[in-house]
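Everything on this sheet refers to the single structure shown next.
Quick note: the coordinates plus some simple rules give every number you see, no bench work behind them. A quick note: this is a predicted structure, and the numbers were derived from the prediction, not measured. Cβ placement follows ideal geometry from the backbone for every residue including glycine, while neighbour counts extend to all protein chains displayed.
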Amino acid sequence: MVAVAAKNILVVDDDAKIRTLLRRCLEGDGYSVVEAHDAQTVRAAFAAAHFDLVTLDLNLGVEDGLDIARELHRDQDVPIFMLTGKDDVIDRVVGLELGADDYLTKPFHIREVLARVKSVLRRSGKRDRDEEVPPPGPGAEDPWLSLDGLKVKLDRMLLVDRDGQECDLTTADFKLLAAFLDHAKKPLSRDRLMDLIDGQSWAPLDRTIDNQVARLRKKVERDPARPLLIKTVRGVGYVLTEAPQAMQG
């Protein structure tokens with residue numbers, strides 16, 4: 001069996017004890033780990049290496065973890081796993097709006113950290129080092145889907161716009177698009193959408209889904225200011241107004 005290189009993870013936290021704990025546990029699970037304690041060391045780490053995932057503490061003392069998340073989302077194609085304080089609801093919501101893939105509140109259990117790290121890597125299309133994936137047989141791949149001039153490949157997490165250009169979607173954006181495609185022409189409440197894309201409980205006044213829909217509309221609508229593909233259903237939520245069609249060939 002061909003050996004597979006360990007996934008590289010950047011652990012960002014201003015608490016040296018937490019960094020050490022995360023590094024030891026992740027390395028014990030077979031990952032390669034680099035530590036960083038602020039924005040400057042994060043930039044230096046990315047200048048020196050490629051990372052498959054970043055664990056990011058949002059409370060970095062004088063540093064703002066949200067600013068780092070914003071910078072990573074803008075400049076790096078890397079999944080972000082946020083670590084937040086129990087009461088940091090607003091920061092958590094903003095972080096998810098910026099494209100973070102998952103979060104966990106402190107104090108955390110290290111086994112849950114490891115499980116969530118594997119889940120984020122798997123959802124982002126990156127395989128864990130121990131997984132052996134057989135080549136797909138005939139007809140095993142999902143077909144290309146056509147939707148109002150767009151092309152979507154669910155199993156490869158690809159969206160091609162009407163000009164033939166591949167769109168840059170976060171994992172959260174694509175999960176939302178997949179939820180709409182699976183429930184085309186069916187109105188979905190905000191709670192139902194949250195359950196479909198994350199399977200987590202959310203506060204009643206949480207507006208994260210509205211922001212995610214607004215961001216997705218910018219990628220799929222012909223005129224995001226007048227959305228016709230993903231429409232608001234007053235008092236309910238949202239609906240994808242057209243059903244995707246499988247493309248031939």
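List of remarks:
- Projected onto planes of every orientation and averaged, the convex hull of the alpha-carbon atoms in the stretch 145-246 covers 6.3 nm².
- Cβ charges +1 (Lys, Arg) and -1 (Asp, Glu), total dipole of the stretch 8-123, debye: 500 debye
- Cα shape, the stretch 8-123, gyration tensor, a/c 1.5 rule: rounded
- Net charge dipole size for the stretch 145-246 [Lys, Arg +1 and Asp, Glu -1 on Cβ; Debye, nearest 20]: 300 debye
- For the stretch 8-123, averaging the sequence separation of C-alpha pairs within contact (under 8 Å, six or more residues apart) and dividing by the residue count gives a relative contact order of 23 percent.
- Among Lys118, Lys185, a tally of other beta-carbon atoms within 10 Å of each Cβ gives an order, fewest to most, of Lys185, Lys118.
- Proximal lysines to Lys106, defined as alpha-carbon separation beneath 29 angstrom and excluding residues fewer than eight positions away on the same chain: Lys7, Lys17, Lys86, Lys118, Lys126, Lys175
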